[in-house]
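Quick notes on the structure that follows.
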Amino acid sequence: MRDKFVFSAGNEASGLEIWVSNGTEAGTALLKDINPGPESSVSLFFTKIGDKVVFQANDGTAGYELWVTDGTEAGTVLLKDINPGNGSSTPYGFTEYNNRLYFQADNGTDGIELWVTDGTPAGTTVVKYSTTLEGGSSPRNFAVSNNLLYFRADDQRGDEIWVSDGTEAGTVSLKT
């Protein structure tokens with residue numbers, strides 16, 4: 001996707017969907033009608049990872065889930081249905097760290113927790129379940145510094161600063 005970018009735009013026929021452009025009028029078009037017809041997929045939070053872009057969208061069946069595109073219609077697919085069925089995982093806060101994207105998502109069982117993707121289904125997993133709180137630890141406000149990922153989360157002691165090296169064992173509260 002070196003010579004193209006993706007964005008959200010809408011029209012009456014397809015609603016708010018993912019579009020692609022090379023910066024010219026002729027090279028700007030609807031990339032894919034993810035939620036077919038006039039209903040919108042509300043594609044949001046486009047974030048580059050390698051030669052792909054990851055984003056949140058709703059296809060009208062799986063809810064708001066994690067999608068990926070390589071800039072082609074055929075290569076624009078549901079990456080992972082994190083909250084299976086029609087529930088939404090609502091992935092949010094995409095932050096690049098060590099060639100992966102870290103974000104919050106809700107699998108429908110454990111609440112909102114820290115997830116990671118390398119842009120493939122097999123490489124999209126929860127990093128750590130940080131609490132037994134109903135609703136999850138709600139990781140947010142991600143930042144990368146000194147080759148570590150920092151974020152805010154609630155682990156039953158209230159909001160704390162957490163740090164992660166990208167592994168479950170290396171994801172801990174910074175100060176208890």
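Observations, loosely collected:
- Among the residues of the range 1-33, those identified as closer than 14 Å to residue 73 by Cα, hydrophobic (A, V, I, L, M, F, W, C) and over 20 Å from the mean Cα position of the chain (by Cα) are 29, 30.
- Of everything listed in (1) surrounded by 15 or more Cβ atoms within 10 Å (Cβ to Cβ); (2) assigned by TED's automatic domain parsing to the domain that holds residue 30, the single unmet condition for residue 103 is (2).
- Failed criterion for residue 86 (all others in (1) part of a strand (DSSP E or B); (2) in the same structural domain as residue 53 (by TED's automatic domain parsing) hold): (1)
- Looking only at residues of the range 154-172 that are farther than 18 Å from residue 125 by Cα and among the hydrophobic types (A, V, I, L, M, F, W, C), we find that the one that is surrounded by the most Cβ atoms within 10 Å (Cβ to Cβ) is 162.
- Some residue of the range 42-52 being modelled with pLDDT of 95 or more, more than 13 Å from the chain's Cα centre (by Cα) and on the phi < 0 side of the Ramachandran plot: no
- The range 112-146: number of residues that are within 14 Å of the chain's Cα centre (by Cα), closer than 14 Å to residue 66 by Cα and assigned to a loop (DSSP other than H, G, I, E, B): 6
- Some residue of the range 160-172 being closer than 18 Å to residue 47 by Cβ and aliphatic (A, V, I, L, M): no
- Extreme residue, modelled with the lowest pLDDT, among residues of the range 151-171 that are more than 17 Å from the chain's Cα centre (by Cα), in a strand (DSSP E or B) and not small (Gly, Ala, Ser): 159
- Among residues of the range 16-54 being closer than 13 Å to residue 1 by Cβ and basic (Lys, Arg), the one that is surrounded by the fewest Cβ atoms within 10 Å (Cβ to Cβ) is 48.
The values are calculated or read from the model by the stated rules, or taken from the named source; none is laboratory data. Because the structure is predicted, anything quoted here is derived from the model rather than measured. Note: ideal-geometry Cβ built from the backbone for every residue, glycine included; neighbour counts use all protein chains shown.
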